[in-house]
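*Asks:* Handing you a structure now.
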Amino acid sequence: MKIEGQGKLLRIYIGTQDRLNGRPLYELIVQKAYDMNLAGTTVIRGIEGFGAASRTIHKAAILRLSEHLPLLIEIVDVEDRITAAVEAFETLIESSGKGALMTMENVEIIRYKTGKKNAEE
């Protein structure tokens, strides 16, 4: 698959301890993005922050490995595919009962091409 030109960047801000049915919420969101064949998804763990789920500042400490830290999930694809995926992500977040923040912005996709030699152009 090859994508170039105008696209959308969806950002979802949640916490490391947010879960749904015993599984980390971020894993479920990444799996849903994969199942929907979106172009790409990355999960970034923050070292400090607060948000919709908690008005307490959470930060990493050297001696504590199990922290409630902020997570940022970034998903990029063309507008219609991102827009269609937002509803699915909303359903997961609502089902978890946790707070979240989602933002979307325009991006210029310079290069997205699978590395497979026989991939469709």
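*Asks:* Taking Lys113 as the anchor, which aspartates and glutamates have their alpha carbon closer than 16 Å to its alpha carbon, excluding any fewer than eight residues away along the same chain?
*Replies:* List returned: Glu4, Asp77, Glu121.
*Asks:* Among Ile109, Ile73, which comes first, then next, by fewest other beta-carbon atoms within 10 Å? Write down the numbers at each step before the final one.
*Replies:* Details: Ile109 18, Ile73 21.
So the ranking, lowest neighbour count to highest, is Ile109, Ile73.
*Asks:* Still on this structure, I have one more. Run the numbers on the range 2-113 and let me know its relative contact order in percent, using alpha-carbon pairs under 8 Å that are six or more apart. The partial results should precede the final answer.
*Replies:* On the way: 210 pairs, mean separation 53.9, N = 112.
That works out to 48 percent.
*Asks:* Could you pull out every one of the aspartates and glutamates with an alpha carbon less than 12 Å from that of Lys32, ignoring same-chain neighbours closer than 8 positions?
*Replies:* Correct list for Lys32: Glu87, Glu90.
*Asks:* Same structure again: From Cα coordinates alone, what are the radius of gyration and Dmax values for the range 2-113 in angstrom?
*Replies:* Radius of gyration, then largest Cα-Cα span, for the range 2-113: 14.7, 45 Å.
*Asks:* A follow-up question, please. Would you kindly derive the ³J(HN,Hα) couplings of the range 27-38 from the backbone phi angles with the Karplus curve 6.51 cos²θ - 1.76 cosθ + 1.60 (θ = phi - 60°), listing them in order in whole Hz, with x for Gly and Pro?
*Replies:* With the stated coefficients, the range 27-38 comes to 5, 5, 5, 4, 4, 5, 4, 5, 4, 8, 6, 6 Hz.
Read the figures in this text as sums done on the coordinates, not as results from a lab. No experiment lies behind these values; they were computed from the predicted model shown. Glycine also receives a Cβ, built like all others from the backbone with ideal geometry; neighbour counts cover every protein chain displayed.
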